[in-house]
Amino acid sequence: MASRTATAFSVGRQSSGKRSIAVLPQATEDITVKWALRTLTIITALSIICIGCQAWIMANQVAVRRDLTAGADSDSDLDSIRTNFNIEITFHSVFLAAVGFWWFITWNGLMRQNTIQIISVNFYNVGLFIYSITQIFQLRNDLEQIRPLLADPNLANGKPLFLAAQILLPVMIGIFIPIYIYLTIRLSAEFGWRIYRISGGDIAVERLLLDYHIFLLLMKYGIVFMVGFTVLDLALASVSFNGLILIPVLGGLLGIAISSAGFLGVRRENAIILSIFIAGSVIEFAYITFRVYLAYARSTDFANNIQRAELPFLMFAEVSLVILAVSILYGVVCYRNFGMGLKEVLDAERKLRSGEQETREIDLDA
């Protein structure tokens, strides 16, 4: 049977001996970045607007908390107010972090010319849109409950800009959803040549690359949703302020370590390292399932507080569980792809991106 080969083509760039760090998509002789730059400009402007709106909402909530704290009659009332607003501010902070990740995942996809990652942002847009709508109802319910306790009842109504900020978020994101669908189509055409250049037009290599990119994408989203779930989980549970800061940081570092094991295991085709990732993902899956069980199975402060942020809690839990389950599945798929030529293709692409100009053929049947 004839040997199959994948040809890695030159990007038309001479190595200068120094590697420059690019912060914007760079055009080459075979890839233009016109639509990439336009997309980055739009997502940057929209992210700034969303962050501004969310910051204004949080500022109004801080003013409400200040009013309630000043009128507290006892330490127990003061503790209750602080607990309630820890949950409230956590809800808003998670949204703020989600907007930051929104920009990052788009920028990273553009820089990597990763079509799969660019397409995935469409689904993230819908999730962010839903989250922005739930925030409106969350705020209305909370403010209605505390209105009788406020020295200045007008704080519960919010200033006109406070209401405008709540409405502007889903409106702007909702308008962006169809715009980004169009941008995705343009970017897919703009970056389509990259996959062909790496794979040499070989369908088998394209399938290997698709599995690899999906696996990496799942790990990126897995980190942000796991950290988001952990933060919401701790805000609803009885945890000290130090614990509320320390545990998400440690959880985030652990998530990064597990994801790094997945990346290194697949990239280096190392079964032991990849097994560490799969085992860690199984543990994370069990942890989330257990926390959701505690939230609904027993009458505790945790179970009572869950009503304050039930929708985002469940959304982050469900998405995290799905991502973890699919990540484990694709970890197994990538393991089965070991020894089929992916590592050699990626090594050749890395050398091309670092500035070496060469064309080589990789024997996929060797």
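Remark: region 283-293, residue by residue, has Karplus-estimated 3J(HN,Hα) of 5, 4, 4, 5, 5, 4, 4, 5, 5, 5, 4 Hz, where x stands for each Gly or Pro and the curve is 6.51 cos²θ - 1.76 cosθ + 1.60 at θ = phi - 60°. Between ARG186 and ARG336, the contour length at 0.36 nm per residue exceeds the alpha carbon distance by 50.7 nm.
A simple packing score, the average count of other Cβ atoms within 10 Å per residue, orders the peptides 223-232, 97-106 as 223-232, 97-106, with the highest score first.
In order along region 215-222, the Karplus-derived 3J(HN,Hα) couplings, from 6.51 cos²θ - 1.76 cosθ + 1.60 at θ = phi - 60°, round to 4, 4, 5, 4, 5, 5, 5, x Hz, and Gly and Pro are given as x.
Sorted by packing (mean other beta-carbon atoms within 10 Å per residue), highest first, where do 44-50, 255-261 land? Please report the intermediate quantities before stating the final value.
Working: 44-50: 16.3, 255-261: 18.6.
Listed from highest to lowest mean packing, they are 255-261, 44-50.
Can you give the FRET efficiency for SER93 and LEU161, using 1/(1 + (r/R0)^6), R0 = 22 Å, r = Cβ-Cβ distance, to the nearest 0.05? Efficiency, from the Cβ-Cβ distance: 0.65. Local charge sum around ILE105 (other residues, Cβ-Cβ under 15 Å, Lys/Arg +1, Asp/Glu -1)? In short, +2. Accessible surface calculations at 1.4 Å, restricted to protein heavy atoms, place region 83-137 at 33 Å² per residue. Taking all protein chains together and rolling a 1.4 Å probe, LYS343 ends up with roughly 70 Å² accessible.
The values are calculated or read from the model by the stated rules, or taken from the named source; none is laboratory data. Keep in mind the model is a prediction, meaning the values are calculated, not measured. Using ideal geometry, Cβ is built from the backbone for each residue, glycine included, and neighbour counts are taken over all protein chains shown. Remember, those area values only see protein heavy atoms, side chains included, never the ligands or the DNA or RNA. Shrake-Rupley method; radii C 1.70, N 1.55, O 1.52, S 1.80 Å.
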